[in-house]
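Report on one structure; see the data block that follows.
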């Protein structure tokens with residue numbers, strides 16, 4: 001059997017192309033996590049799809065990152081002609097459904113970035129659910145103004 005280190009270049013290529021399997025937290029799959037480039041001390045949004053593969057509803061309770069002083073769950077709502085963001089306590093994940101965290105809707109706010117987020121790197125995000133196990137994913141940083149996950153994919157996860 002070949003030594004596992006021989007597969008490292010292939011794994012790195014798969015991760016960079018977004019070909020790795022989504023992170024799975026016992027019933028919740030975290031798919032294509034990404035964020036946009038942002039300055040140190042600034043605010044960034046993180047986006048992904050959360051797919052509840054379980055038979056019962058779950059909820060995203062919180063997200064943390066060592067690169068942000070504070071992380072909040074947010075939603076964007078239209079108030080007349082103005083779009084407003086506001087924090088939410090949790091994000092419901094209906095059984096058997098996918099919930100998109102995307103620009104202009106539900107999303108994660110990274111507040112007080114401890115360093116700049118540069119396109120091409122990744123940002124660790126740890127997601128805590130009501131029922132599913134905590135999971136850490138690597139969100140791919142895309143250029144400021146990038147429209148979405150199709151321009152780079154986050155991959156990789158570790159369970160806690």
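Observations on the model:
- Any hit, region 75-82, residues being surrounded by 13 or more Cβ atoms within 10 Å (Cβ to Cβ), touching a strand residue (DSSP E or B) at 6+ places or on another chain (Cβ under 8 Å) and under 24 Å from residue 146 (Cβ atoms): yes
Residues checked against (1) in contact with a strand residue (DSSP E or B) (Cβ under 9 Å, 6 or more places away or on another chain); (2) in a loop (DSSP other than H, G, I, E, B); (3) over 15 Å from residue 33 (Cα atoms):
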residue: 56; (1), (2), (3): no, yes, yes
residue: 69; (1), (2), (3): yes, no, yes
residue: 72; (1), (2), (3): yes, no, yes
residue: 96; (1), (2), (3): yes, yes, yes
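- Residue selected from region 22-64 under the condition farther than 27 Å from residue 96 by Cα and under 17 Å from the mean Cα position of the chain (by Cα), by the criterion surrounded by the most Cβ atoms within 10 Å (Cβ to Cβ): 44
- Among the residues of region 128-146, those identified as within 18 Å of residue 91 (Cα to Cα), over 10 Å from the mean Cα position of the chain (by Cα) and surrounded by 18 or more Cβ atoms within 10 Å (Cβ to Cβ) are 129, 132, 135.
- Exactly one residue out of 45, 18 is modelled with pLDDT under 95, in contact with a strand residue (DSSP E or B) (Cβ under 9 Å, 6 or more places away or on another chain) and closer than 25 Å to residue 132 by Cβ, and it is 18.
- Flag for residue 109 being in contact with a helix residue (DSSP H, G or I) (Cβ under 9 Å, 6 or more places away or on another chain), modelled with pLDDT of 95 or more and closer than 20 Å to residue 135 by Cβ: no
The values are calculated or read from the model by the stated rules, or taken from the named source; none is laboratory data. These numbers come from a predicted model, not from an experiment. So basically every Cβ, Gly included, is an ideal-geometry build from the backbone, and we count neighbours across all protein chains shown.
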